[in-house]
Amino acid sequence: MDVSTLLIGAGIGLVVGYALFYLFHKSNAVTKQEHEAIAAKLNDSSNALKLSDERLKSAQEQAAAFQRKIESREIRIVCPTLPHGYA
């Protein structure tokens, strides 16, 4: 084989390889501004989720307390003759 054909083939292979690498890398790359905007949205969503979770737990605790209060009053209504310390 002639050396020039090998060099031409290697050069074409390098150019095609570089072009593919550039296109692949460019399709996966994200700009810094885009990354920061997405990270800010993630932080905001995370904070909102934590706040909602805390509100839900508070509401559940309050509902459980009301349920216990209602049940204790129902026991007093059903059994009014029980001594004061049992209801």
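Before moving on, here are some points about what is shown:
So that you can scan it fast, the table gives a plain yes or no per residue for (1) modelled with pLDDT of 90 or more; (2) of a type in the set (Gly, Ala, Ser); (3) on the phi > 0 side of the Ramachandran plot; (4) out of contact with any strand residue (DSSP E or B) (no Cβ under 8 Å at 6 or more places or on another chain):
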residue	(1), (2), (3), (4)
Ile8	yes, no, no, yes
Val15	yes, no, no, yes
Lys32	no, no, no, yes
Glu36	yes, no, no, yes
Ser45	yes, yes, no, yes
Ser52	yes, yes, no, yes
Phe66	yes, no, no, yes
Cys79	no, no, no, yes
His84	no, no, no, yes
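- Of all residues in the range 31-69, exactly one satisfies the criterion of being surrounded by 10 or more Cβ atoms within 10 Å (Cβ to Cβ) and of a type in the set (Val, Ile, Thr), namely Ile38.
The values are calculated or read from the model by the stated rules, or taken from the named source; none is laboratory data. What you are looking at is a predicted structure, and each value in this text was computed from that prediction instead of being measured. We place every Cβ from the backbone using ideal geometry, glycine too, and count neighbours over all the protein chains shown.
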